[in-house]
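Taking it in order: structure first as structure tokens, then the write-up.
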Amino acid sequence: MSAFLLTSCTTSDSGEDPADPRPTSPSSNPTRTANEPSEKDLTERAQAAIAAVQSGSLVEAGVERVSDGIHTEPGLSKDKAYRLNLVCVGSGSARLEFVPAKAGTEASVPCDESVVQQRITGDKPVRINVDGAKGSTGVIAWQIDAL
């Protein structure tokens with residue numbers, strides 16, 4: 001009976017071969033070097049930068065990978081002013097655009113932790129798109145505040 005218990009404690013249910021010397025844990029990421037921050041660290045830095053510039057009552061917010069981009073259609077009230085705050089943390093840049101174009105101004109968002117702000121008016125339904133430039137990495141935090 002004790003031999004069975006000892007065996008069951010050392011056997012892995014994950015399908016990993018204990019004799020295989022290659023690391024297979026989720027924390028090992030061969031594309032990330034020791035000097036690069038984790039996605040969690042980038043997210044925390046981006047959220048802190050957005051929190052520092054909050055300028056009204058929160059309407060909508062989020063954090064996305066640069067590679068996924070932001071694609072949202074917030075519910076904005078007609079004839080009310082809003083502020084969109086964006087920050088990209090990582091490397092490269094992203095492009096901000098609005099549909100319809102007159103809802104805001106297109107802008108480049110560098111992934112250097114600087115906050116980009118845009119004033120938005122809620123005349124018609126608005127779609128906000130932020131897409132990362134080719135090769136850009138990191139996270140984008142965003143927040144829309146009613147002014």
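Summary of computed values
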quantity: Where GluC sites (Glu not before Pro) fall in DSSP loop in the range 53-145, at most 15 other Cβ within 10 Å; calculated: E106
quantity: Convex hull of Cα atoms in the range 59-120, direction-averaged projection (nm²); calculated: 4.2
quantity: Trypsin sites (Lys or Arg not before Pro) within the range 38-106, DSSP loop, no more than 12 other Cβ atoms inside 10 Å; calculated: K78
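Any read-out appearing in this document is the output of simple, stated calculations on the displayed coordinates, not a laboratory observation. If you're wondering where the values come from, they're calculated on a predicted model, not measured in any experiment. As a convention, Cβ positions derive from the backbone with ideal geometry for all residues, glycine included, and neighbour counts pool all protein chains shown.
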